[in-house]
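The values are calculated or read from the model by the stated rules, or taken from the named source; none is laboratory data. Everything numeric here is computed off the predicted structure, so don't read it as measured data. Here the Cβ positions follow ideal geometry from the backbone for every residue, glycine too, while neighbour counts run over all protein chains shown.
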Amino acid sequence: MTRIRYSLLAFLSIVIIVSMACTQQRQPCLTPKTASLIIGTVHFKTDTSTVTVDTTLPHATFYPLSSQLNYVTVYPPQASFTVSLSPDTNYCQWLFETDSLKHIPDTVSFYYQRSAKFLSNACGFTYFYNIDSVHSTHLIIDSLHILNNSVTNNVNTKHLQIYIHRNF
């Protein structure tokens, strides 16, 4: 009787070990999944100068005018920040405040084309964007310049430069 128990125990142990060895574990997604727009802020040193200086904004905030996007607050003070584009439409707007204490917002409008991209089995799909144009009001913003219109999951590419009025 004990020989049958040991045989049964050995058989069950082998079945468990083989089943554990054969199960596939899902590979983790090691690449950034979200395509984000990276924005830098600068201003000209003088009225006639073409030399720009990074503008560190004290309490900059981006508020989406669309409910599916999250607002972005930049703190501590920085000269660049990241926002998202809407995967549901080819257009989105943000209210941009250079300092949340002064309450002088500019509206920044992004127009773009979306395309679904397959990243990998582990990461699945995401949206990449191609910026057509960017427009803004001009309360604090002097002008906008698109540096790279292809918005992907590359976190090292700056896409947009915002020129702040020199008097700010």
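Checking each residue in the stretch 109-130 for being touching a residue at least 40 places away in the same chain (Cβ under 8 Å) and touching a strand residue (DSSP E or B) at 6+ places or on another chain (Cβ under 9 Å) picks out 110, 119, 124, 126, 127, 128, 129. Which members of the stretch 127-158 meet the condition of being of a type outside the set (Ser, Thr, Tyr), in a strand (DSSP E or B) and over 16 Å from residue 108 (Cα atoms)? Listed by number, the residues that qualify are 128, 130, 151. Pairing each residue of the stretch 134-157 that is in contact (Cβ under 8 Å) with a residue 12 or more places away in the chain and under 17 Å from residue 113 (Cβ atoms) with any residue that is of a type in the set (Phe, Trp, Tyr) and crowded, with 16+ Cβ neighbours inside 10 Å, provided the two are 6+ apart or on different chains, yields C-beta distances under 6 Å for 134/110; 151/129; 152/128.
Does residue 131 fit the bill of being among the aliphatic types (A, V, I, L, M), surrounded by 13 or more Cβ atoms within 10 Å (Cβ to Cβ) and modelled with pLDDT under 90? Spelling it out, it is not the case that residue 131 is among the aliphatic types (A, V, I, L, M), surrounded by 13 or more Cβ atoms within 10 Å (Cβ to Cβ) and modelled with pLDDT under 90.
With respect to residue 71, is the statement that it is under 25 Å from the mean Cα position of the chain (by Cα) and at pLDDT 70 or above true?
no
Say we look at the stretch 77-103 and pick out the residues that are at pLDDT below 85 and among the small types (Gly, Ala, Ser); which of these is surrounded by the most Cβ atoms within 10 Å (Cβ to Cβ)? Here the answer is 80.
If I filter the stretch 160-168 for residues that are more than 22 Å from residue 90 (Cα to Cα), of a type in the set (S, T, N, Q) and part of a loop (DSSP other than H, G, I, E, B), do I get at least one hit? Lay out the reasoning, then the answer.
The initial filter retains those residues of the stretch 160-168 that are more than 22 Å from residue 90 (Cα to Cα), namely 163-168.
Retained after the next criterion (residues that are of a type in the set (S, T, N, Q)): 167.
Pick out the ones that are also part of a loop (DSSP other than H, G, I, E, B) and you get 167.
Within the stretch 160-168 (the criterion being more than 22 Å from residue 90 (Cα to Cα), of a type in the set (S, T, N, Q) and part of a loop (DSSP other than H, G, I, E, B)), the answer is yes, since at least one residue qualifies.
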